[in-house]
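Report on one structure; see the data block that follows.
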Amino acid sequence: MRTVRDATLEVLRQCGMNRMFANPGSTEVPFLTDLPDDLEFVLGLHEGAVVGMATGYAIATGQPALVVLHTTAGLGNAVGALATARVNRAPLVVLVGQQDRRHLARAPFLAGRLEGLAGAYPVWEHQPVLPQDVPGAVRRAWHEAAQHRGPAVVVVPMDDWSAEFDDALGVPGPVAVVRARREPGPAVDDVVRLLERADAPVLVVGAGADDPQAWAGLVTLAQRLGAPVWQEAFGARAGFPQDHPQFAGHLPSNRSGLRSVLAGHDVALVVGTGAFRQYTYEPGPLVPDGLTVAVISDDPDELHQSHAAVAVLADAAAACAAIAARLRPRPFTAVPPPAPEVEPPRADDRLVAAHVFAALAERLPRDTVLVEETPSTRPDLHRWLPARTPRGFVSAAMGGLGFGLPAAAGLRLGDPSRPVVAVLGDGSSLYAVQGLWSAARYACGVLFIVLTNGRYAIMDRLASDAGGKPPWPAFADIDITELARSLNCPARRITSHTELISTFDDVLPALTTRTEPLLLDISVTADEPATQPGGNS
């Protein structure tokens, strides 16, 4: 007898989902037991780490990754990570276990109230009416995740897997959807006219432009316009080569700062993100008087949330190439920002984050994927470590912690050809530290750099800025080195500049070929950033 499980496994093969990221529960046992050898099970020790790994894997491969979660407890634990996957544009197919369909009406133990539990973050959510419908729902979820670039959730009662599948009815939906490349054509006419009339245009780029074709189109467009290029605030990925002479820096995340940066420009073209993402509310206009904003994105939500006169739903690479081809070249003299500097520590001084970033900047391979989750020192990281290749920078667009560590493992698993370095705060690392075990178990040769100051430095700073005293304690008694080793991840403790340089010289040359992860627990002071004025804001 051919079962629903048999038919679903065949759908997974057809969709190329040969790895599943999971933390198992009893409602998933009928699906997971005796998996065929061509399907790999990747164990995460917490659902946040499971979804984080899958998110990194999906970003690296560009294809939907498969996640298996355990009813209410598993889906509930994963909601924050699913929200990050949605905002990070990561396609996921999420199978969620449910109690046996035959007695769900009696609310048995582990019956999940799953509908809506993940809120509006899934791009699609479905519980099949009949067991026969499960394989088709999984195929539909793959298409929904790929098209809308987010998590698509399918809830499957545990007895469905052993039900007989009627091959005569088949699996609905196409095996593949081939998307023809859509040239923007007249859709960009208004943008071209705006730019032709502009006296002082400016470009703003975002995570939706992080691919080789979009970078090439944006570089050509920036050079034709003779315009500076800014990266969106809190960008999860880089939308432009940040070592290019026309790259101006990262936009401020407050209104007054944004108005200051954009003052003097009459047209802003925003590509691959919305206009403009903010953090702390400030009164006053969002942009300076006299500035006209146009937005190009393939995400309709970004367009509808934008402050813009013109919004174009289009592929970023195709639109930028089409616009650039219609513009006359303009002169532009780039004034590169001063190189960041930091004083070497004296013998009795503790390290600061800038010492670590400066040493990395001299040694990191150009194609390194840098994963960031260090809120208190992110500005210094941007100054020292610009993204130089597509997918050279990855962070959590949602802002919640616990993404960076497992995502780094998933990125390396999805593309072993590129070195992956994760720079984390010690507070950040503790949100998903279980991911170290998975990185070691599945030979994800990531270099984890943990900047250890024993407290939530960014939160302490925000409390101080608000004129108050934080009620939370420090946690300097946690030993990150020993915690990593207990999870089978090799670790080294670094407390001096000499140790830092010698360790980097030993470790970084072999980044591309390493299969064993390594955590460097680097003791840093939690004082204000040490970078001297200059570099990108």
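The values are calculated or read from the model by the stated rules, or taken from the named source; none is laboratory data. All values reported here derive from a predicted model rather than from experimental measurement. All Cβ positions, even for glycine, are placed from backbone atoms using ideal geometry, and neighbour counts span all protein chains on display.
Out of ARG330, ARG366, one residue alone is more than 30 Å from GLY445 (Cβ to Cβ) and in a loop (DSSP other than H, G, I, E, B). It is ARG330.
Of the residues making up segment 492-504, none is out of contact with any strand residue (DSSP E or B) (no Cβ under 6 Å at 6 or more places or on another chain) and closer than 18 Å to GLY404 by Cβ.
Would you check if there is a residue in segment 8-16 being part of a helix (DSSP H, G or I), closer than 19 Å to GLY136 by Cβ, out of contact with any Pro (no Cβ under 8 Å at 6 or more places or on another chain) and among the hydrophobic types (A, V, I, L, M, F, W, C)? Looking for residues that are part of a helix (DSSP H, G or I), closer than 19 Å to GLY136 by Cβ, out of contact with any Pro (no Cβ under 8 Å at 6 or more places or on another chain) and among the hydrophobic types (A, V, I, L, M, F, W, C), one finds at least one in segment 8-16, hence yes. Any residue at all in segment 311-326 that's assigned to a loop (DSSP other than H, G, I, E, B), outside the structural domain of ARG86 (by TED's automatic domain parsing), within 30 Å of LEU511 (Cβ to Cβ) and touching a residue at least 12 places away in the same chain (Cβ under 8 Å)? Looking for residues that are assigned to a loop (DSSP other than H, G, I, E, B), outside the structural domain of ARG86 (by TED's automatic domain parsing), within 30 Å of LEU511 (Cβ to Cβ) and touching a residue at least 12 places away in the same chain (Cβ under 8 Å), one finds none in segment 311-326, hence no. Candidates are the residues of segment 243-280 that are of a type in the set (A, V, I, L, M) and within 21 Å of the chain's Cα centre (by Cα); the one that is nearest to ARG383 (Cα to Cα) is LEU251. Per this entry, ALA233 is not counted among residues that are surrounded by 21 or more Cβ atoms within 10 Å (Cβ to Cβ), in contact with a Pro (Cβ under 9 Å, 6 or more places away or on another chain) and part of a loop (DSSP other than H, G, I, E, B). If you check GLY454, GLY427 for being under 28 Å from GLY44 (Cα atoms), in a loop (DSSP other than H, G, I, E, B), under 27 Å from the mean Cα position of the chain (by Cα) and in the same structural domain as GLY392 (by TED's automatic domain parsing), only one passes: GLY454. Considering THR374, THR389, the condition of being surrounded by 24 or more Cβ atoms within 10 Å (Cβ to Cβ) and either in contact (Cβ under 8 Å) with a residue 60 or more places away in the chain or not small (Gly, Ala, Ser) (or both) is satisfied by THR374 alone. Within segment 154-183, residues that are within 29 Å of LEU75 (Cβ to Cβ) reach partners that are at pLDDT below 90 with beta carbons closer than 9 Å, at six or more positions or on different chains, in the pairs GLU164/MET1; PHE165/MET1. Here is the figure for segment 3-26: residues that are among the small types (Gly, Ala, Ser) and either free of Cβ contacts under 8 Å to residues at least 24 places away in the same chain or on the phi > 0 side of the Ramachandran plot (or both) total 1.
Could you grab me the full set of residues in segment 162-201 that are farther than 30 Å from THR3 by Cα and either in a loop (DSSP other than H, G, I, E, B) or among the aromatic types (Phe, Trp, Tyr) (or both)? Those that are farther than 30 Å from THR3 by Cα and either in a loop (DSSP other than H, G, I, E, B) or among the aromatic types (Phe, Trp, Tyr) (or both): ARG179, ALA180, ARG181, ARG182, GLU183, PRO184, ALA198, ASP199, ALA200. Counting only strands (runs of 3 or more DSSP E) that sit wholly inside segment 89-161, those with at least 3 residues that are surrounded by 20 or more Cβ atoms within 10 Å (Cβ to Cβ) are 92-98, 151-157.
Run down ALA222, ALA216 and say which single residue is part of a helix (DSSP H, G or I), surrounded by fewer than 19 Cβ atoms within 10 Å (Cβ to Cβ) and among the small types (Gly, Ala, Ser). Checking each option against the conditions leaves just ALA216. Of note, GLY239 does not satisfy the criterion of being among the small types (Gly, Ala, Ser), at pLDDT below 95 and in a loop (DSSP other than H, G, I, E, B).
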